[in-house]
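This report concerns only the one structure given below.
The values are calculated or read from the model by the stated rules, or taken from the named source; none is laboratory data. Note that the structure is predicted; figures quoted are calculated from it, not measured. Virtual Cβ from ideal backbone geometry, glycine too; neighbours counted across all protein chains shown. We work out accessible area using only protein heavy atoms, side chains counted, and drop any ligands, DNA or RNA first. Shrake-Rupley method; radii C 1.70, N 1.55, O 1.52, S 1.80 Å.
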Amino acid sequence: MGCKVTMSLVTERQDGPIGDDWRYVVDAKVFNQGLKGKGTIKVPKHTLSSGVTQEPPGPPEPVSMEAGACGDNVLVRVQVDATEVDWLIHDKGSASMDINIKCPGEGGTPITKETEISVGVRESPGLSGETSVFRLVVRLVAECV
């Protein structure tokens, strides 16, 4: 039996004046004595108004990644690349976060961890200096299968 980590998107939010047409990509890599698994969730262009918290459109399908042996502690590195879509020049930002999660032992209950990742996105070109903060809540579930 081995451990699997499933990543899903819970909520998205943006606060700021740079626009309300957003798309983003979430990449994850699972490490347990080396790289064990990876996955990507892409969210297409959609409307996300400032100050609104909502479920991502779809919602997108979760991704399941190999994580090594049951009972081990694993590290999941999550990278979020957010884009506010404009007519000429898109506004982009990215952030990454390392999340530690324990895989349950054989027959153990799945372990769930939710984490918010914040991405600063600056208006391009940077003449105005305006920025928005894109926030994404990611859920990780580790289970022995």
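Structure notes:
- For the range 1-117, the calculated P(r) over all alpha carbon pairs, in 5 Å bins from 0 to the bin holding the longest distance, is 2, 11, 20, 21, 16, 11, 9, 6, 3, 1, 0 percent.
- Largest accessible area first, the residues K45, K38 order themselves as K38, K45 under a 1.4 Å probe with ligands, DNA and RNA left out.
- The chain: antiparallel DSSP beta bridges as a percent of all, rounded to 5: 100
- Across the range 31-100, the volume of the C-alpha convex hull divided among the residues equals 129 Å³ per residue.
- Most fluctuating residue given options G107, G37, G93, as computed from a GNM of the chain linking Cα atoms under 10 Å: G107
- Between N100 and R139, the simple label model (points 7 Å from Cα in the Cβ direction) yields a spacing of 2.4 nm.
- For q = 0.15, 0.17, 0.20 Å⁻¹, Debye-computed log10 I/I(0) when each Cα of the range 12-63 counts as one equal scatterer: -0.52, -0.62, -0.75
- Proximal aspartates and glutamates to K102, defined as alpha-carbon separation beneath 18 angstrom and excluding residues fewer than eight positions away on the same chain: E66, D72, E114, E143
- Whole-number Å³ per residue for the convex hull built on Cα positions in the range 69-145: 89
- Linear extension gain, K113 paired with K92, 0.36 nm per residue minus alpha-carbon span: 4.9 nm
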